[in-house]
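Presented below is the structure to which this report refers.
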Amino acid sequence: MRRHTLRTAVALCSAALLGAAVSTACAAPPAAQAVRQQPRAPVLVDCFWHPKVRPADFMLACGDGNSRLTSLQWTKWNAHSATARGLNLVNDCKPYCAAGRFHTYRVDVRLDHPRPWKKHPQLQHYTRISLTYPDGRPESFTRVMTYPLWD
């Protein structure tokens, strides 16, 4: 009797697992499957190697935190580029960075040159950032500053 009960229990568990696998595979509607197959827009990789899409803030100087983008309002984010307006908080480092003051500058941001991300090759990430200062700008900065982004 015990052997018969064990076989019955194993058969029932196997049938339940098989049923769950089949119903999960069939549960996704075709439209959802099509969405998953479309390439995602590139991401912006932050200082902690996290992928971000349309972040409100972004640290430019990961090592010392002396330059940061804030209040970002994204107007475009697609497979080729992204654009935003916001503020750039920059430490003047006078007389040295620990004693310096942060100054705020209006800035237009552009991300471009998407490439596969080394950490997650299935994801594209923007590899270049350009900052355009329409009004004032930090000392020694040109009106447009372009930097490579980390991989």
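The values are calculated or read from the model by the stated rules, or taken from the named source; none is laboratory data. Since the structure is predicted, the reported quantities are computational estimates derived from the model, not experimental observations. As a convention, Cβ positions derive from the backbone with ideal geometry for all residues, glycine included, and neighbour counts pool all protein chains shown.
Which members of segment 118-131 meet the condition of being surrounded by 14 or more Cβ atoms within 10 Å (Cβ to Cβ) and either of a type outside the set (D, E, K, R) or touching a helix residue (DSSP H, G or I) at 6+ places or on another chain (Cβ under 9 Å) (or both)? If the condition is that a residue be surrounded by 14 or more Cβ atoms within 10 Å (Cβ to Cβ) and either of a type outside the set (D, E, K, R) or touching a helix residue (DSSP H, G or I) at 6+ places or on another chain (Cβ under 9 Å) (or both), then Leu123, Gln124, His125, Tyr126, Thr127, Ile129, Ser130, Leu131 are the ones that fit. Pull up segment 89-117, narrow it to residues that are under 19 Å from the mean Cα position of the chain (by Cα) and not charged (D, E, K, R), then point me to the one that is surrounded by the most Cβ atoms within 10 Å (Cβ to Cβ). Residue satisfying both the conditions and the ranking: Leu111. For segment 86-117, which residues satisfy the criterion of being among the β-branched types (Val, Ile, Thr) and more than 13 Å from Asn66 (Cα to Cα)? The answer is Val107, Val109.
Of all the residues in segment 60-84, those that are assigned to a strand (DSSP E or B) and charged (D, E, K, R) number 2. Scanning segment 136-151 for residues that are more than 14 Å from Leu89 (Cα to Cα), touching a Phe, Trp or Tyr at 6+ places or on another chain (Cβ under 7 Å) and either free of Cβ contacts under 8 Å to residues at least 40 places away in the same chain or basic (Lys, Arg) (or both) yields one hit, Arg143.
Tell me yes or no: at least one residue of segment 42-56 is at pLDDT 95 or above, of a type in the set (A, V, I, L, M), assigned to a loop (DSSP other than H, G, I, E, B) and closer than 30 Å to Thr132 by Cα. Yes, segment 42-56 has at least one match.
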